Amino acid sequence: MRTASSLKKPFGTAHMVDITHVRFLDWEDAFDVEFEDGLSFLEPHATIKKANRISGKAVPVEVVLDEETRTGFEVRYDNGQVAEVSWAFIRELPPQKRALPTAVTPLAGAPPRAEAHGGTMAKIRNQKTRNTKRKT
């Protein structure tokens, strides 16, 4: 048996599949989401609350499947908040956080930064001005 994490695809690579049924399982505190291709996922309620910035005390009142497109569903809460959940949120893994570069690395074959800004170019300019002065 494969676990849900092995069935989920990397972010941005899953193929769209219609949702056929969604329901909230109170005893699991999770949403059971069934897809047209037969796969079913149990998505924790806490994950959906966190992604939609829903209050921790909010209680789901209604789960509404988008009947027209079947690409997502809404969870309506007792305090008036609404969580929107797409098919990709259920079927894909979250995106990886990229580490920001700490320093810019030069391109291969590019001169070192000091030479590019004042080093070699300044020497060439100085040489041209010296050569011009000698001719006169």
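The values are calculated or read from the model by the stated rules, or taken from the named source; none is laboratory data. Small disclaimer: the values here were computed from a predicted structure and weren't measured. Neighbour counts run over all protein chains shown; Cβ positions are idealised from the backbone, glycine included.
For the condition at pLDDT below 95, farther than 27 Å from Gln96 by Cα and surrounded by fewer than 17 Cβ atoms within 10 Å (Cβ to Cβ), what is the one hit in Gly12, Gly38? Step by step, each of Gly12, Gly38 is checked, and only Gly38 is at pLDDT below 95, farther than 27 Å from Gln96 by Cα and surrounded by fewer than 17 Cβ atoms within 10 Å (Cβ to Cβ). Pairing residues of the range 3-30 that are closer than 29 Å to Val59 by Cβ and part of a strand (DSSP E or B) with residues that are at pLDDT 80 or above and among the basic types (Lys, Arg), at Cβ distances under 7 Å and at least 6 apart in sequence or on separate chains, gives Ile19/Arg70. Close Cβ contacts (under 8 Å, 6 or more residues apart or on different chains) running from residues in the range 80-98 that are in contact (Cβ under 8 Å) with a residue 24 or more places away in the chain and more than 26 Å from Leu39 (Cβ to Cβ) to residues that are surrounded by 14 or more Cβ atoms within 10 Å (Cβ to Cβ) and among the polar types (S, T, N, Q) comprise Gln81/Asn52. From the list Asp66, Asp78, Asp26, Asp32, the one residue that fits, being surrounded by fewer than 12 Cβ atoms within 10 Å (Cβ to Cβ) and charged (D, E, K, R), is Asp26. Number of residues in the range 36-59 that are within 20 Å of Thr20 (Cβ to Cβ) and outside any helix (DSSP H, G or I): the value is 8.
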